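Peer 1: Here's a structure for you.
The values are calculated or read from the model by the stated rules, or taken from the named source; none is laboratory data. Bear in mind the structure is a predicted one, so any value in this text is a computation, not a measurement. Reconstructed Cβ throughout: ideal geometry from the backbone, glycine too, with neighbour counts over all protein chains shown.
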Amino acid sequence: MRVQSFSLVVMLAAALPVAAQDAASALFTGREVRGNGTRPKGTLPKIVTDLVSSPLGQTYKNLKAERSLILSDCAPKTFWCKQTEFQFASVVGTAAKVARSQKDALLASWLLSVPSTIRIFLHNWHGSGKPPFTLLAIVNRMDLAQWHDDHWETPELRFVYGAQNEDRQMTLIIEFVLPPFDWHQFQTFGRAWAALSSPNGQSLDHLENVLLRSRYDQSVKVRIRTNTQLAPSWEFDEWDLFPGTPILPSQPLAASLLEDQIDAKYSTVTPGTADYYDYLQAWPDVSKMPGPKNIPIPANLWMRATTYGAGEDPLATPPSYCTNTLTRNTVALQRCTGCHMVETANQKFTHISMRAQNGNSTLSPFLQGTNPNIELEDLYYQSRDRAELPQNKVLSVPLTFDTFERSSSGFCDKPVPQQTVRLFHDLARRKLFLATLLTATTHMSDFEATKILHFATDYSH
């Protein structure tokens, strides 16, 4: 089936057979690849072959991650990378429009607020002339959408830029939180992204159709995030814009809290203190929840900016508190620092890294494993056996951390080292989200929305 037939797939797709639906659900738990052991030799079980041959499986196969999820190739003949409308100056102008301000005012205010760690990457740029930022990627984050009141809310469109200072780099991401979509609008938006996977769809016209349908100039929120290399540590900073955000060119733009980035002081919190009980709010028992995806972390625990040093240990559970590995894994990955380094074994720290001129940006193993377009049958069979990890086609991260168990005294004061293996292939998860949306019924359905949301995420990244 050719990719141009995506609309036909949506109209003709029958309900996915129960066994194939079970196989699809068995691919991911939240952000993690579930893993179903080593791939058997010979003929695959019917549950897997039914999934691969189903409308969902065929749609997944036709989607190309490098076109419908992340555009990151900047070879001389690429159709998108050199376009003026995607460069930093133009996109930050759209961000200013969302805030009901002007580009020059936003840049002047932002430049007054950036720390010295960022200034060295600006090379004496003061807001006029050519910016020092290189376009690295345009990113589809439809998978961040949540179904609420018969609408899809908070999908995102992101533009990623990079800057260089000698052997250090920084990335700057402008993230547009898009306005709500009704069922038909969201499927149409998904089909626009899917069309880019077709050989006939790899054109500026098709990409501009995506942006038109995104309505990103009407976003409900815009984030400006930076990841700055300090060598060897990294720094995160963030600024949030809303419609009507006060922006004065003579006043620094207010920095924002880093959502879900728990203040480092809580890692050494003392049991029985006020900080300790505040910290426990981020550690509910989620072992019986489907997923889980996001644990609501109270904003009073967040940081405004943070640095992260290579070699930090995996997140331990709170002392003298009985919890479980699933809760720890969720909290750990939600944090900016966890997602960018220790939980994903990311040696480069950034998930989309600086590129050479006329070259491609580098995507992290967390995003693409060993192949950005992994086959469904390979995704289904991935092992958590440490001896078999080198054969996996997804990112495999063995971790050791401490938890606490109840001792003979009746208190959770017995430290116990735990070992786990985390499996990731985030582009496959995002592709499954898009494929499930495209093969869902064309009329609004809470049941269909639930199937789509199995591959969604409500993390901030």
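Peer 1: Filter the stretch 332-348 down to residues that are among the small types (Gly, Ala, Ser), within 15 Å of residue 365 (Cα to Cα) and crowded, with 20+ Cβ neighbours inside 10 Å, then give me how many there are.
Peer 2: To start, the set of residues in the stretch 332-348 that are among the small types (Gly, Ala, Ser) comprises 332, 338, 345.
Subset that is within 15 Å of residue 365 (Cα to Cα): 338, 345.
The next check asks that each one be crowded, with 20+ Cβ neighbours inside 10 Å; those that pass are 338.
Final tally of qualifying residues: 1.
Peer 1: What pairs come up if the first residue lies in the stretch 351-367 and is more than 10 Å from residue 137 (Cα to Cα), the second is acidic (Asp, Glu) and at pLDDT 95 or above, and their beta carbons are under 7 Å apart, counting only those six or more places apart or on different chains?
Peer 2: 366/426; 367/426
Peer 1: If I filter the stretch 328-340 for residues that are hydroxyl-bearing (Ser, Thr, Tyr) and closer than 27 Å to residue 58 by Cα, do I get at least one hit? Quick ask: steps written out before the conclusion?
Peer 2: Restricting attention to the stretch 328-340, the residues satisfying the condition of being hydroxyl-bearing (Ser, Thr, Tyr) are 330, 337.
Cutting the leftovers down to closer than 27 Å to residue 58 by Cα gives us none.
No - not one qualifying residue is present in the stretch 328-340.
Peer 1: Restricting to the stretch 238-269, what's the tally of residues that are within 19 Å of residue 298 (Cα to Cα) and loosely packed, with under 13 Cβ neighbours inside 10 Å?
Peer 2: So the count comes out to 2.
Peer 1: Let me ask something else. Only one of 189, 176, 159 is surrounded by 19 or more Cβ atoms within 10 Å (Cβ to Cβ), of a type in the set (A, V, I, L, M, F, W, C), modelled with pLDDT of 95 or more and in a helix (DSSP H, G or I). Can you tell me which? Explain how you work it out, then say what you get.
Peer 2: Values: 176 fails: in a helix (DSSP H, G or I); 159 fails: in a helix (DSSP H, G or I).
Every option except 189 fails the conditions.
Peer 1: When the residues of the stretch 68-93 are narrowed to those that are among the aromatic types (Phe, Trp, Tyr) and part of a loop (DSSP other than H, G, I, E, B), which ends up farthest from residue 210 (Cα to Cα)? If you could, list the steps in order and put the result at the bottom.
Peer 2: Of all residues in the stretch 68-93, those among the aromatic types (Phe, Trp, Tyr) come to 79-80, 86, 88.
Among the residues that remain, those that are also part of a loop (DSSP other than H, G, I, E, B) are: 79-80.
Numbers: 79: 14, 80: 12 Å.
If we take residues in the stretch 68-93 being among the aromatic types (Phe, Trp, Tyr) and part of a loop (DSSP other than H, G, I, E, B), then 79 is farthest from residue 210 (Cα to Cα).
Peer 1: Listed residues 117, 154; which is surrounded by fewer than 21 Cβ atoms within 10 Å (Cβ to Cβ), within 22 Å of residue 351 (Cα to Cα) and within 16 Å of the chain's Cα centre (by Cα)? Write out each step before concluding.
Peer 2: Values: 117 fails: within 16 Å of the chain's Cα centre (by Cα).
Answer to the selection: 154.
Peer 1: Another question, then. Residues to consider are 426, 402, 458; find the one that is within 30 Å of residue 185 (Cα to Cα) and modelled with pLDDT under 95.
Peer 2: Values: 426 fails: modelled with pLDDT under 95; 402 fails: within 30 Å of residue 185 (Cα to Cα).
Residue meeting the stated conditions: 458.
Peer 1: Report yes if some residue within the stretch 222-238 is within 17 Å of residue 83 (Cβ to Cβ) and out of contact with any Leu (no Cβ under 6 Å at 6 or more places or on another chain); otherwise report no.
Peer 2: Start the filter on the stretch 222-238 by keeping residues that are within 17 Å of residue 83 (Cβ to Cβ), which leaves none.
For the stretch 222-238, residues within 17 Å of residue 83 (Cβ to Cβ) and out of contact with any Leu (no Cβ under 6 Å at 6 or more places or on another chain): absent.
Peer 1: In addition: Could you please find all residues in the stretch 438-450 being assigned to a helix (DSSP H, G or I) and surrounded by fewer than 19 Cβ atoms within 10 Å (Cβ to Cβ)?
Peer 2: Our first condition is that a residue be assigned to a helix (DSSP H, G or I); within the stretch 438-450, this holds for 438, 446-450.
Result: 446, 447, 450.
Peer 1: So residue 295 passes all but one of these: (1) in a loop (DSSP other than H, G, I, E, B); (2) over 24 Å from residue 421 (Cα atoms); (3) in contact with an Asp or Glu (Cβ under 9 Å, 6 or more places away or on another chain). Which condition number does it fail?
Peer 2: Only one criterion is unmet by residue 295, namely (2).
Peer 1: Out of curiosity, is residue 280 in contact with a helix residue (DSSP H, G or I) (Cβ under 7 Å, 6 or more places away or on another chain), under 29 Å from residue 407 (Cβ atoms) and of a type in the set (A, V, I, L, M)?
Peer 2: Working: in contact with a helix residue (DSSP H, G or I) (Cβ under 7 Å, 6 or more places away or on another chain): no; under 29 Å from residue 407 (Cβ atoms): yes; of a type in the set (A, V, I, L, M): yes.
Against the criterion (in contact with a helix residue (DSSP H, G or I) (Cβ under 7 Å, 6 or more places away or on another chain), under 29 Å from residue 407 (Cβ atoms) and of a type in the set (A, V, I, L, M)), residue 280 does not qualify.
Peer 1: I'm told residue 396 meets every condition in (1) surrounded by fewer than 16 Cβ atoms within 10 Å (Cβ to Cβ); (2) free of Cβ contacts under 8 Å to residues at least 60 places away in the same chain; (3) in a strand (DSSP E or B) except one. Can you identify the failing condition by its number?
Peer 2: That leaves (1) as the condition not met.
Peer 1: Test residue 311 against the criterion of being within 19 Å of residue 230 (Cβ to Cβ) and either of a type in the set (Ser, Thr, Tyr) or assigned to a loop (DSSP other than H, G, I, E, B) (or both), and give yes or no. Reasoning before the result, please.
Peer 2: Numbers: within 19 Å of residue 230 (Cβ to Cβ): yes; either of a type in the set (Ser, Thr, Tyr) or assigned to a loop (DSSP other than H, G, I, E, B) (or both): yes.
It is true that residue 311 is within 19 Å of residue 230 (Cβ to Cβ) and either of a type in the set (Ser, Thr, Tyr) or assigned to a loop (DSSP other than H, G, I, E, B) (or both).
Peer 1: Could you please tell me which pairs satisfy a Cβ distance under 7 Å, a separation of 6+ or placement on different chains, a first residue in the stretch 434-450 that is of a type in the set (Ser, Thr, Tyr), and a second residue that is in a loop (DSSP other than H, G, I, E, B)?
Peer 2: Correct list of pairs: 436/455; 439/13.
Peer 1: If I ask for residues that are touching a strand residue (DSSP E or B) at 6+ places or on another chain (Cβ under 7 Å), outside any loop (DSSP other than H, G, I, E, B) and not small (Gly, Ala, Ser), which ones from the stretch 113-139 would you list?
Peer 2: 117, 118, 134, 135, 136, 138, 139
Peer 1: Here's a follow-up. Please work out which one of (1) aromatic (Phe, Trp, Tyr); (2) closer than 28 Å to residue 197 by Cα; (3) in a helix (DSSP H, G or I) is the condition residue 110 fails and give its number.
Peer 2: (2)
Peer 1: Quick one: residue 132 ticks every box in (1) within 27 Å of residue 359 (Cα to Cα); (2) crowded, with 20+ Cβ neighbours inside 10 Å bar one, so which box is it?
Peer 2: Of (1) within 27 Å of residue 359 (Cα to Cα); (2) crowded, with 20+ Cβ neighbours inside 10 Å, only one is false for residue 132: (2).
Peer 1: I would also like to ask the following. Which condition from (1) under 27 Å from residue 458 (Cβ atoms); (2) touching a helix residue (DSSP H, G or I) at 6+ places or on another chain (Cβ under 8 Å); (3) at pLDDT 95 or above is the one that residue 238 breaks?
Peer 2: Going through the list (1) under 27 Å from residue 458 (Cβ atoms); (2) touching a helix residue (DSSP H, G or I) at 6+ places or on another chain (Cβ under 8 Å); (3) at pLDDT 95 or above, residue 238 breaks only (2).
Peer 1: OK, next. Mind checking which residues of the stretch 33-49 are surrounded by fewer than 20 Cβ atoms within 10 Å (Cβ to Cβ) and not in a loop (DSSP other than H, G, I, E, B)? Full working, then the answer.
Peer 2: We begin by selecting, within the stretch 33-49, every residue surrounded by fewer than 20 Cβ atoms within 10 Å (Cβ to Cβ); these are 34, 36-47, 49.
Those that are surrounded by fewer than 20 Cβ atoms within 10 Å (Cβ to Cβ) and not in a loop (DSSP other than H, G, I, E, B): 46, 47, 49.
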